[in-house]
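> Sharing a structure below in structure tokens format, with a few things to ask.
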Amino acid sequence: MLLSSQTPIVSGTGQTPIPWVIVRIDLHTHSRVSDGTQTPAELVAEARQAGLDVLALTDHDTTAGWAEAATAAQTEGVALVRGTEVSCTAGGISVHLLSYLHDPHDPALAAELAASRASRDGRARAMVDRLAADFDLTWEEVAARAGAEATIGRPHIADALVARGHATDRAAAFATMLAPRGPYYVRYHAPEVADAVGLVLAAGGVPVFAHPRASARGRVVSEQVIRDLAEAGLVGLEVDHRDHTEADKARLRELAAELGLLVTGSSDYHGAGKPNRLGEHTTTPEVLAEIVGRGRIDVVR
Ligand code: AMP
Ligand code: ZN
Ligand code: FE
Ligand code: FE
């Protein structure tokens, strides 16, 4: 008998068939269009090499990498979920909201993302100005670390500091000169996360709270904030993420079940900039099907 890719292996004892094709789905990655180190095309090629079947590109506050990634996805035979990681605030706590499969031309969401990018640009220049008073560092060096249309963030400043020998690696720069409580940190505009959930939904996107308990990034939100977001239409929680402890994951799974939220897992791959490896955490095909069913635009395949 020929086995097609959908043919289950059926045991002789009448047990439930075990599908022999394992679909590997990674729903959170970054390219040079934000603070990853690979071009969108390189990222898609790496995803195929890593054995992924489905990849989401979720650069910070932008859809500028979608077109290049879509072309590469068709060449490489990887299914592409187009997304964005939206920078938000929850009463002063910095949080990230993943949006999947939204209309990139929706005026309200596009305007909010454009405002965040503009504010991030001014903020990055202000941080470099402050740093340049104490360290050899220029804006040109920082900008050279980012892609042409990239949203410039602290990772690019970190890379420039490392190249100058002012820090040993990105993590060291984040822990010292770039720390939020330090003298060089400047804040940037970001929407309230409940408003962002509304904007994403109105744009036909599927909002998923990225790494809700990633305490290494700073303060994390209370469970009440997650309850309120579920009320506002949040669709899922990113539970399986390297910044979560086993206890975090267990509690988030309970919350998701209680609130009727989907559970996702993903790598948050940034290329060479972070230790995260593609596919180190994944999302189930059932959850992906729910996301695709709710999104306004198609998966590219
Ligand atoms: P920003 O949004 O410009 O404040 O920078 C935050 C970004 O830096 C996040 O997207 C993280 O991916 C990245 N980041 C945060 N902490 C670290 C760290 N310790 N090492 C490397 N990258 C980090
Ligand atoms: Zn990032
Ligand atoms: Fe994030
Ligand atoms: Fe991310």
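> So which residues in the range 228-252 are aliphatic (A, V, I, L, M) and either under 14 Å from the mean Cα position of the chain (by Cα) or crowded, with 16+ Cβ neighbours inside 10 Å (or both)?
Those that are aliphatic (A, V, I, L, M) and either under 14 Å from the mean Cα position of the chain (by Cα) or crowded, with 16+ Cβ neighbours inside 10 Å (or both): LEU229, ALA230, LEU234, VAL235, LEU237, VAL239, LEU252.
> While we're looking at this one, here's another question. With of a type in the set (Val, Ile, Thr), outside the structural domain of LEU201 (by TED's automatic domain parsing) and in contact with a helix residue (DSSP H, G or I) (Cβ under 7 Å, 6 or more places away or on another chain) as the only criterion, which of VAL95, VAL128, VAL33 stands out?
VAL128
> Okay, moving on. Restricting attention to the range 126-159, report how many residues are surrounded by fewer than 15 Cβ atoms within 10 Å (Cβ to Cβ) and under 26 Å from PRO40 (Cβ atoms).
4
> In addition: What about SER94, is it of a type in the set (Ser, Thr, Tyr), within 16 Å of ligand 2 (Cβ to nearest atom), at pLDDT 95 or above and within 16 Å of the chain's Cα centre (by Cα)? Show your work before the answer.
Working: of a type in the set (Ser, Thr, Tyr): yes; within 16 Å of ligand 2 (Cβ to nearest atom): yes; at pLDDT 95 or above: no; within 16 Å of the chain's Cα centre (by Cα): yes.
The answer is no for SER94.
> Determine whether the range 282-294 contains at least one residue that is more than 16 Å from ligand 4 (Cβ to nearest atom), assigned to a loop (DSSP other than H, G, I, E, B) and among the β-branched types (Val, Ile, Thr).
Yes, some residue in the range 282-294 is more than 16 Å from ligand 4 (Cβ to nearest atom), assigned to a loop (DSSP other than H, G, I, E, B) and among the β-branched types (Val, Ile, Thr).
> Taking the range 48-70 as the region of interest, how many residues are under 24 Å from ALA114 (Cβ atoms) and of a type outside the set (A, V, I, L, M)?
Adding up the residues that qualify gives 9.
> Let me ask something else. Inspect all residues belonging to the range 61-74 and state whether any of them is acidic (Asp, Glu), within 16 Å of ligand 1 (Cβ to nearest atom), in the same structural domain as GLU290 (by TED's automatic domain parsing) and not in a loop (DSSP other than H, G, I, E, B).
no
> Still on this structure: Out of VAL225, VAL162, VAL186, report the one residue that is within 16 Å of ligand 1 (Cβ to nearest atom), part of a helix (DSSP H, G or I) and surrounded by fewer than 20 Cβ atoms within 10 Å (Cβ to Cβ).
Going through VAL225, VAL162, VAL186 in turn, just one is within 16 Å of ligand 1 (Cβ to nearest atom), part of a helix (DSSP H, G or I) and surrounded by fewer than 20 Cβ atoms within 10 Å (Cβ to Cβ): VAL162.
> Applying the selection to the range 165-177, what residues are surrounded by fewer than 22 Cβ atoms within 10 Å (Cβ to Cβ) and in contact (Cβ under 8 Å) with a residue 24 or more places away in the chain?
The one that is surrounded by fewer than 22 Cβ atoms within 10 Å (Cβ to Cβ) and in contact (Cβ under 8 Å) with a residue 24 or more places away in the chain: HIS166.
The values are calculated or read from the model by the stated rules, or taken from the named source; none is laboratory data. Values in this document were obtained by computation on a predicted structure and should not be read as measured data. All Cβ positions, even for glycine, are placed from backbone atoms using ideal geometry, and neighbour counts span all protein chains on display.
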